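Shown next, in C-alpha cells, is the structure this report addresses.
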Number of protein chains: 2
Amino acid sequence: MSAANPERDADYLGRLRDYYAENRRIPSFQRIAELMGFASKAAASKLMDRLAHAGFFERAPDDDAWVPGERFFERPLAEMAVRAGAPDMIEASQGQLFLVDRYLVRQPSRTVMVPVKGDSMIDAGIHDGDIVVVVRTKAANAGDFVVAIVDNEFTLKELALERGKFVLKPHNPAYPIIRPQGELEIFGVVSGLVRRYRD
Amino acid sequence: MSAANPERDADYLGRLRDYYAENRRIPSFQRIAELMGFASKAAASKLMDRLAHAGFFERAPDDDAWVPGERFFERPLAEMAVRAGAPDMIEASQGQLFLVDRYLVRQPSRTVMVPVKGDSMIDAGIHDGDIVVVVRTKAANAGDFVVAIVDNEFTLKELALERGKFVLKPHNPAYPIIRPQGELEIFGVVSGLVRRYRD
DNA sequence: TACAGTAGTGAACATTCGTTCTGTCGTGGG
DNA sequence: CCCACGACAGAACGAATGTTCACTACTGTA
C-alpha cells in the first residue's frame, strides 16, 4: 500500500461518531459525502468499506443497512499521571480504548439501571440524581450496596450485619439504620454508578 | 375515539424494540409492515405517527428519518416508589446496552475517559478509581470540574474564581487550593462519571 | 523514473424509500 | 339502529438510496 491515510479516516470516523450521537443513525452515503466534503457518493461508500473492515461498522443482519460495530463505541482512555509529551499526544495515546457499556454492564439480562433519589448515601459518593447499575440477585453479602424493598418501596443502602441480623445502613449520619422486623427483600446489588454533570 | 387500542400498540412497540436491539436501527415502513403483519406501508406509517406522538420515536434533526425517542430506551423501573406488580415484571428485554454510553457521551470526537487518581475530590463524590468523562475544551467556566495540566501533570479540580484569577479548588480539606502563577492550561471539562464496584 | 496502490470523481442504473390518496372493515357511542 | 372514528388495505408517485464502472490525481516505493 502506498497512500493509505489513517489519520484522515480517523477524522472521518470522528465526524461520523458525532453525527451518530446527534442523530442516532448513520447518515446516507449522500450525506456522508456532504459531511466529509466528497463530491461523489462512491467515495462515501469506499470510506464505509474501509471503516467496516477496521471493525467500526457492520451490516445489519436483517437488511443490508450500515450499523455501528463494536469499535464504534470505543472511547479513548487517557492516563492522568503519565503525561510525557504534548497534551495532544494523549488523544491517540497507546491505543488504550474503553467501552463504557461493557465496563459497567457484564450481565445485560440481569442488569437494571436505577436512578437515585435522595442523599442517604452521600458519604459513599452516591448523590441524588446519579444512576446506579444494579445486578438483580438475592445473594448479597454484608458490605454490599444493595437495592432493597422496604415497605413496598425501593431503597438504596449498605447491607450490614448487626448482632447476626441483616440491617440496612445509610451513609449519611442524618439517616437512621433500618432494622427490618420481618425478612429483608433484596432486589439487587449495586455494581456500578453513572453520573452526568450539567451541560 | 372509538377503536383506539393501546395494548396492540404496546405489542407493536415491543417488536420494534426487539428489532432495534438486534439491528441497531429502525426498520423501514416496508419491513415494519412485514413484522407486524400489515399488508400496506401506510399502516406502518400511521403506527409510527402514533408511537411518535407518545414519545417513543422522533424525527432525526438532520434528515427526516425515524429515530428512537426518549421513551424508547426507557427502562421499566424509572419510578422507584411505584412498585405495583411482581418484581419479575420489571425485567426488560435487551436493547439497554447502549444506554450508558449514549447517556454520557454527547460529542464523541471530543470526549476522553480519564481514570481518577487520589481523593482530592472526594467531597464531591469523586473517588479514587472512578473514571470521569472529559470533554476536551479550553473553554471552562468557574464552577466546572476540570482536568487541568499543572507542572506537567493532570489534575482534577474545580475551577474557581479568586480575586479575579482562576484557581483550582480541591474538594477535600486536606488539600490546598492551587493558585497557578503562570497561566492555567485546561485539558477539558468533566461531563460525567463512571464507577464500578468490585464484583 | 516508472509503477502500483489508494482516495476521490462523475454519471448511470435499478431498487427501495416515504408520502399521499381513496376505500374497506369493525367497533363503540348516541 | 346508525354513524363517526380509528385501524388497515392497496396502489400510485417522485425522491432518495446503494451499487457499479471507468476515470483522474496523488504518493510512496522499487
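The values are calculated or read from the model by the stated rules, or taken from the named source; none is laboratory data. Keep in mind the model is a prediction, meaning the values are calculated, not measured. Positions of Cβ are generated from backbone atoms using ideal geometry, with glycine treated the same way; all protein chains shown enter the neighbour counts. Calculation scope for accessible area: heavy atoms of the full protein, side chains included, ligands and nucleic acids excluded. Shrake-Rupley method; radii C 1.70, N 1.55, O 1.52, S 1.80 Å.
Residues in the stretch A:48-80 that are within 11 Å of DNA strand D (Cβ to nearest atom), part of a helix (DSSP H, G or I) and farther than 25 Å from A:Tyr103 by Cβ: A:Met48, A:Asp49. Out of all the residues in the stretch B:170-184, is one or more more than 14 Å from every other protein chain (Cβ to nearest Cβ), open to solvent by less than 70 Å² (accessible area, probe 1.4 Å), in a loop (DSSP other than H, G, I, E, B) and in contact with a Lys or Arg (Cβ under 7 Å, 6 or more places away or on another chain)? There is at least one residue in the stretch B:170-184 that is more than 14 Å from every other protein chain (Cβ to nearest Cβ), open to solvent by less than 70 Å² (accessible area, probe 1.4 Å), in a loop (DSSP other than H, G, I, E, B) and in contact with a Lys or Arg (Cβ under 7 Å, 6 or more places away or on another chain). For B:Gly14, the conditions (1) touching a residue at least 24 places away in the same chain (Cβ under 8 Å); (2) within 13 Å of DNA strand C (Cβ to nearest atom) are fulfilled apart from (2).
Take B:Val189 and decide whether it is over 18 Å from B:Lys117 (Cβ atoms) and either open to solvent by less than 20 Å² (accessible area, probe 1.4 Å) or aliphatic (A, V, I, L, M) (or both). Yes; evaluated as a whole, the condition is true for this residue. Among the residues making up the stretch A:19-47, a single one is within 14 Å of chain B (Cβ to nearest Cβ), outside any helix (DSSP H, G or I) and hydrophobic (A, V, I, L, M, F, W, C): A:Ile26. When only residues in the stretch A:32-46 that are within 22 Å of A:Glu22 (Cα to Cα) and away from DNA strand D (no atom under 11 Å from the Cβ) count, which is surrounded by the fewest Cβ atoms within 10 Å (Cβ to Cβ)? Among those that are within 22 Å of A:Glu22 (Cα to Cα) and away from DNA strand D (no atom under 11 Å from the Cβ), it is A:Gly37.
Being open to solvent by 30 Å² or more (accessible area, probe 1.4 Å), more than 13 Å from the chain's Cα centre (by Cα) and modelled with pLDDT under 85, is that true of even one residue in the stretch A:123-133? Within the stretch A:123-133, none of the residues are open to solvent by 30 Å² or more (accessible area, probe 1.4 Å), more than 13 Å from the chain's Cα centre (by Cα) and modelled with pLDDT under 85.
Scanning the stretch B:161-198 for residues that are within 23 Å of B:Arg110 (Cα to Cα) and hydrophobic (A, V, I, L, M, F, W, C) turns up B:Leu168, B:Leu184, B:Ile186, B:Phe187, B:Val189, B:Val190, B:Leu193, B:Val194. When the stretch B:94-153 is filtered for residues that are under 24 Å from A:Asp128 (Cα atoms), within 8 Å of chain A (Cβ to nearest Cβ) and among the hydroxyl-bearing types (Ser, Thr, Tyr), only B:Tyr103 remains. Scanning the stretch B:81-122 for residues that are under 23 Å from the mean Cα position of the chain (by Cα), in a loop (DSSP other than H, G, I, E, B) and at pLDDT 90 or above returns B:Val105, B:Arg106, B:Gln107, B:Val116, B:Met121. Which ones in the stretch B:42-76 are under 23 Å from A:Pro115 (Cβ atoms), out of contact with any strand residue (DSSP E or B) (no Cβ under 7 Å at 6 or more places or on another chain) and among the charged types (D, E, K, R)? Of everything in the stretch B:42-76, those that are under 23 Å from A:Pro115 (Cβ atoms), out of contact with any strand residue (DSSP E or B) (no Cβ under 7 Å at 6 or more places or on another chain) and among the charged types (D, E, K, R) turn out to be B:Glu70, B:Arg71, B:Glu74.
Restricting attention to the stretch B:11-25, the residues that are more than 14 Å from DNA strand D (Cβ to nearest atom) and in contact with a helix residue (DSSP H, G or I) (Cβ under 8 Å, 6 or more places away or on another chain) add up to 3.
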